[in-house]
Amino acid sequence: MPINELQFLFKHEAKSQMNEKTTSVPSTSRRRRIVDVVGFVVGIGLLSWLIVIAVRNGEWHRVWEADPRLLAGLLGCTVLSAVLTGATFWITVRPVKRLGFMDLQGVNLVASMLNYAPVRLGMLSRFAWHMRVDSMRLLDVIAWFASVGVLIGAGLVICSIATLLVPGVGLVWLLLVVLGTLFGGWILGLVPSIAFVRRHGRGADRILASPSARWGGLVLRLLDFGTFAGRIAFALAILEITMAPSHVMVLAVVALVANLIPFGRLGFREFAVAWAASRLGSDSVVDVPWEQLALLESLGEVLVYLPLGLVCSPWFAIRLRGGRGA
């Protein structure tokens, strides 16, 4: 969830002097659209450069000859990630409003698909749906999404610290993650009691004050981080690359953080993963096609979100056109 998009929405709310009955959906400014398009062009340039290197130096026969179970695992991690993300939105919104679990899964798939557009439309499509179909106030949606962003950040910190302390991912690492989750959930539970947060939290304090939303959302985000690591691990196995578990976790962090870049989904994440992997190195004796690894990991996401998002698009458009209670 890009920070500058949330900042833009806060500015929109301030300019419009939002009240309890406001239901207008925020739109992007011309400057923001220009930035998005420029970022998309730069991202496509980076992606094209990676593709040229991967086609020239990559070992693509490893992909064609890979065990089907590895390919299924690569795609399965994205399917599981999609379900976990939809579940995160569902459980965190419950203190504010009860929404349908399957509806949020569909919205998440469409929003994920729209993030591949030149102007990253995923977040705006979410706002349009929840304000028009679910009749939610702008402030409530902002608070909800901000809370999810906090949980994502907390999950990243927990996994990063555990990996730094115990590079050999195993039972001790898992124990640290559990302890970190307990501590992190406890700390987040104290946040709503802070006077400044109550005054300026715009409703996010209600979500963090809810044990089910706080603990459930945090656990779901940690599990989703595991799907990013799993997708990296399956891509490495397909390409027959051996890498330390701690390095797999680092690449998962890089992929997840780069996924939040607001200038377009394509190019930046792949470049970040390839660059980080080249710095980490591997235990393989063969030449490692890092650009191919980055592209394969990303492809494992594209091949799920694009078709499933397209399948859900007619339902999304009809419900959105119908508006409230459709």
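Across segment 43-63, what is the number of residues that are within 21 Å of the chain's Cα centre (by Cα), of a type in the set (A, V, I, L, M) and surrounded by 15 or more Cβ atoms within 10 Å (Cβ to Cβ)? It would help to see each step written out before you state the result.
Keep residues of segment 43-63 that are within 21 Å of the chain's Cα centre (by Cα), which gives 43-44, 46-47.
Those left that are additionally of a type in the set (A, V, I, L, M): 44, 46-47.
Now restrict to residues that are surrounded by 15 or more Cβ atoms within 10 Å (Cβ to Cβ): 46-47.
Residues meeting the conditions: 2.
Out of all the residues in segment 54-107, which are among the charged types (D, E, K, R) and part of a helix (DSSP H, G or I)?
Answer for segment 54-107, where residues must be among the charged types (D, E, K, R) and part of a helix (DSSP H, G or I): ARG56, ARG62, ARG69, ASP103.
Please find, among SER313, SER282, the residue that is at pLDDT 90 or above, surrounded by 14 or more Cβ atoms within 10 Å (Cβ to Cβ) and either assigned to a helix (DSSP H, G or I) or small (Gly, Ala, Ser) (or both).
Going through SER313, SER282 in turn, the sole match is SER313.
With the condition kept exactly as written, say whether any residue in segment 240-253 is surrounded by 23 or more Cβ atoms within 10 Å (Cβ to Cβ), in contact with a Phe, Trp or Tyr (Cβ under 7 Å, 6 or more places away or on another chain), at pLDDT 90 or above and farther than 22 Å from PRO118 by Cβ.
Taking every residue of segment 240-253 in turn, at least one turns out to be surrounded by 23 or more Cβ atoms within 10 Å (Cβ to Cβ), in contact with a Phe, Trp or Tyr (Cβ under 7 Å, 6 or more places away or on another chain), at pLDDT 90 or above and farther than 22 Å from PRO118 by Cβ.
Could you list, in sequence order, all residues of segment 195-220 that are modelled with pLDDT of 75 or more, β-branched (Val, Ile, Thr) and surrounded by fewer than 20 Cβ atoms within 10 Å (Cβ to Cβ)?
Correct list: VAL219 only.
Spot the failing condition for ALA128; the list is (1) within 30 Å of VAL41 (Cβ to Cβ); (2) over 13 Å from the mean Cα position of the chain (by Cα); (3) without any contact (Cβ under 8 Å) to a residue 40 or more places away in the chain, and only one is missed.
Against the list (1) within 30 Å of VAL41 (Cβ to Cβ); (2) over 13 Å from the mean Cα position of the chain (by Cα); (3) without any contact (Cβ under 8 Å) to a residue 40 or more places away in the chain, ALA128 comes up short only on (3).
Among the residues of segment 135-165, write down those that are without any contact (Cβ under 8 Å) to a residue 60 or more places away in the chain and either outside any helix (DSSP H, G or I) or not β-branched (Val, Ile, Thr) (or both).
Passing the criteria: MET136, GLY153, ALA162, LEU164, LEU165.
Do the conditions hold for LEU306, that is, is it buried (at least 19 other Cβ atoms within 10 Å of the Cβ), at pLDDT 90 or above and among the aliphatic types (A, V, I, L, M)?
So LEU306 fails the test.
Using beta carbons and a limit of 8 Å, which pairs, at least six apart or on different chains, have the first residue in segment 303-323 and touching a residue at least 24 places away in the same chain (Cβ under 8 Å) and on the phi > 0 side of the Ramachandran plot and the second one surrounded by 12 or more Cβ atoms within 10 Å (Cβ to Cβ) and not in a helix (DSSP H, G or I)?
GLY323/VAL133
SER212 passes all but one of (1) polar (S, T, N, Q); (2) more than 28 Å from ARG269 (Cα to Cα); (3) out of contact with any Gly (no Cβ under 9 Å at 6 or more places or on another chain); (4) not in a helix (DSSP H, G or I); which number fails?
Single failed check for SER212: (4).
Does at least one position in segment 89-106 carry a residue that is of a type in the set (Phe, Trp, Tyr), closer than 21 Å to LEU308 by Cα and surrounded by fewer than 17 Cβ atoms within 10 Å (Cβ to Cβ)?
Yes, because at least one residue in segment 89-106 is of a type in the set (Phe, Trp, Tyr), closer than 21 Å to LEU308 by Cα and surrounded by fewer than 17 Cβ atoms within 10 Å (Cβ to Cβ).
The values are calculated or read from the model by the stated rules, or taken from the named source; none is laboratory data. Predicted, not measured: the structure shown is a model, and the values here were computed from it. Cβ atoms come from the backbone with ideal geometry, glycine included; neighbour counts cover every protein chain shown.
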